[in-house]
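Engineer: I have a structure I would like to understand better, so I am pasting it below and will then ask my questions one at a time.
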Amino acid sequence: MLKVGLTGGIASGKSVVGEMFAALGAHIIQADEISRQLMEPGEEVYREVVRHFGSGILNPDGSVNRSRLAENAFGTSAGITETKPARVQELNQIVHPAVIRRQQEWMEQVAQRDPRAVAIVEAALILEAGMAESLDRLVVVTCSAEQRVERWATRLKVDKEAARHEVARRMAAQLPEEEKIEAADYVIDNSGTLRETRRQVEEVYAALKKDAES
């Protein structure tokens, strides 16, 4: 089985590319979805996050309000004058080890079912979390800075200035895109049409599948 990391900066289109890989036959898991599961009430990660960041991050039903948690983790939000220090590393130290363990368990299960599989972990912080060392290949998705802003604005239904602030704030917690590209085995440019992106994904998947079967 070939273990593959799929990463890229915020709003680069990792999930879209991941869906394309899945349509071609790859097994794929999203770190963000694992994180959501681990932050459900009753989970150990949930308890630790609440202990560190306080009950102010919770909704009335006790679930984690991810927007409030992000505000605490990444610092000041757009439109807020009060300056809050970023605590993203503190959050990552709680969440990342548990996410990585869950990913490894998933990969072991995939390998048992399909020894020649291409198993892909989609995560924004593969390099930052030190996950790349346990993977066989790394695929990085890129797009232009302005496209990130436009996509974030569309996704969150906010104006472009608020989107620009939030994208910059979150990108500051990640490695520069140039470093991710340098570490990549394959780079997919998602700045064009979906058809152009799909063509690149097909080419990369063919190479990954060949490696997995050999």
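Engineer: Report whether or not residue 98 is touching a helix residue (DSSP H, G or I) at 6+ places or on another chain (Cβ under 7 Å) and not in a helix (DSSP H, G or I).
Structural biologist: Values: touching a helix residue (DSSP H, G or I) at 6+ places or on another chain (Cβ under 7 Å): yes; not in a helix (DSSP H, G or I): no.
Taking the combined requirement at face value, the residue does not satisfy it.
Engineer: If you scan the range 169-182, which residues turn out to be of a type outside the set (Asp, Glu), in contact with a helix residue (DSSP H, G or I) (Cβ under 9 Å, 6 or more places away or on another chain) and either closer than 25 Å to residue 201 by Cα or surrounded by fewer than 18 Cβ atoms within 10 Å (Cβ to Cβ) (or both)?
Structural biologist: Here is the first cut: in the range 169-182, the residues of a type outside the set (Asp, Glu) are 169-176, 180-181.
Retained after the next criterion (residues that are in contact with a helix residue (DSSP H, G or I) (Cβ under 9 Å, 6 or more places away or on another chain)): 169-175.
Those that are of a type outside the set (Asp, Glu), in contact with a helix residue (DSSP H, G or I) (Cβ under 9 Å, 6 or more places away or on another chain) and either closer than 25 Å to residue 201 by Cα or surrounded by fewer than 18 Cβ atoms within 10 Å (Cβ to Cβ) (or both): 171, 172, 174, 175.
Engineer: Next question. Restricting to the range 143-162, what's the tally of residues that are surrounded by 13 or more Cβ atoms within 10 Å (Cβ to Cβ), touching a residue at least 40 places away in the same chain (Cβ under 8 Å) and of a type in the set (D, E, K, R)?
Structural biologist: Qualifying residue count for the region: 2.
Engineer: Give just the number: which of (1) closer than 30 Å to residue 167 by Cβ; (2) part of a loop (DSSP other than H, G, I, E, B) does residue 116 not satisfy?
Structural biologist: (1)
Engineer: In addition: Of the residues that sit in the range 183-214 and are assigned to a loop (DSSP other than H, G, I, E, B) and among the polar types (S, T, N, Q), which one is surrounded by the most Cβ atoms within 10 Å (Cβ to Cβ)?
Structural biologist: Restricting attention to the range 183-214, the residues satisfying the condition of being assigned to a loop (DSSP other than H, G, I, E, B) are 184-185, 190-193, 214.
Going one step further and asking which of them are among the polar types (S, T, N, Q), we end up with 190-191, 193, 214.
On the way: 190: 24, 191: 16, 193: 9, 214: 7.
The residue in question is 190.
Engineer: Taking the stated definitions as given, is residue 12 within 12 Å of the chain's Cα centre (by Cα) and more than 15 Å from residue 121 (Cβ to Cβ)?
Structural biologist: It is true that residue 12 is within 12 Å of the chain's Cα centre (by Cα) and more than 15 Å from residue 121 (Cβ to Cβ).
Engineer: Quick check on the range 97-112. Is at least one of its residues crowded, with 16+ Cβ neighbours inside 10 Å, of a type in the set (Asp, Glu) and at pLDDT 95 or above?
Structural biologist: no
Engineer: Taking residue 67 as meeting all but one of (1) among the small types (Gly, Ala, Ser); (2) under 21 Å from residue 37 (Cβ atoms); (3) modelled with pLDDT under 95; (4) surrounded by 15 or more Cβ atoms within 10 Å (Cβ to Cβ), write down the number of the exception.
Structural biologist: Evaluating residue 67 over (1) among the small types (Gly, Ala, Ser); (2) under 21 Å from residue 37 (Cβ atoms); (3) modelled with pLDDT under 95; (4) surrounded by 15 or more Cβ atoms within 10 Å (Cβ to Cβ) leaves (4) as the failure.
Engineer: So which residues in the range 124-141 are closer than 18 Å to residue 39 by Cβ and at pLDDT 95 or above, if there are any at all?
Structural biologist: Step one: list which residues in the range 124-141 are closer than 18 Å to residue 39 by Cβ, which gives 124-125, 129.
Correct list: empty.
Engineer: Determine if the range 167-179 includes at least one residue that is touching an Asp or Glu at 6+ places or on another chain (Cβ under 7 Å) and outside any helix (DSSP H, G or I).
Structural biologist: Taking the range 167-179 first, the residues touching an Asp or Glu at 6+ places or on another chain (Cβ under 7 Å) are 174-175.
When the remaining residues are screened for being outside any helix (DSSP H, G or I), the result is 174-175.
Yes; the residues of the range 167-179 include at least one that is touching an Asp or Glu at 6+ places or on another chain (Cβ under 7 Å) and outside any helix (DSSP H, G or I).
Engineer: Let me ask another. Any chance the range 1-15 includes a residue that's among the basic types (Lys, Arg), crowded, with 19+ Cβ neighbours inside 10 Å, part of a strand (DSSP E or B) and touching a Ser or Thr at 6+ places or on another chain (Cβ under 9 Å)? It would help to see each step written out before you state the result.
Structural biologist: So the first thing to find is which residues in the range 1-15 are among the basic types (Lys, Arg), and the list is 3, 14.
Still in the running and crowded, with 19+ Cβ neighbours inside 10 Å: 3, 14.
If we keep only those that are part of a strand (DSSP E or B) as well, we get 3.
Restricting the remaining residues to those that are touching a Ser or Thr at 6+ places or on another chain (Cβ under 9 Å) gives 3.
Within the range 1-15, one or more residues are among the basic types (Lys, Arg), crowded, with 19+ Cβ neighbours inside 10 Å, part of a strand (DSSP E or B) and touching a Ser or Thr at 6+ places or on another chain (Cβ under 9 Å).
Engineer: I'm trying to understand the selection: among the residues of the range 136-159, which are in contact with a Phe, Trp or Tyr (Cβ under 9 Å, 6 or more places away or on another chain) and either over 24 Å from residue 4 (Cα atoms) or small (Gly, Ala, Ser) (or both)?
Structural biologist: Initial filter on the range 136-159 (in contact with a Phe, Trp or Tyr (Cβ under 9 Å, 6 or more places away or on another chain)): 137-140, 158.
The answer is 158, and nothing else.
Engineer: Residues in the range 40-47: is at least one buried (at least 18 other Cβ atoms within 10 Å of the Cβ), part of a helix (DSSP H, G or I) and at pLDDT 95 or above?
Structural biologist: Keep residues of the range 40-47 that are buried (at least 18 other Cβ atoms within 10 Å of the Cβ), which gives 45-46.
Subset that is part of a helix (DSSP H, G or I): 45-46.
If we keep only those that are at pLDDT 95 or above as well, we get 45-46.
Yes, the conditions are met somewhere in the range 40-47.
Engineer: For the range 79-93, check the following and say yes or no: at least one residue is more than 16 Å from the chain's Cα centre (by Cα) and either closer than 29 Å to residue 197 by Cβ or modelled with pLDDT of 90 or more (or both).
Structural biologist: Just the residues of the range 79-93 that are more than 16 Å from the chain's Cα centre (by Cα), to begin with: 79-87, 90.
Next cut, either closer than 29 Å to residue 197 by Cβ or modelled with pLDDT of 90 or more (or both) only: 90.
Looking for residues that are more than 16 Å from the chain's Cα centre (by Cα) and either closer than 29 Å to residue 197 by Cβ or modelled with pLDDT of 90 or more (or both), one finds at least one in the range 79-93, hence yes.
The values are calculated or read from the model by the stated rules, or taken from the named source; none is laboratory data. Just so it is clear, the model here is predicted, and its values are computed rather than measured. Because the Cβ atoms are built from the backbone with ideal geometry, glycine has one as well, and the counts that use them run over all protein chains shown.
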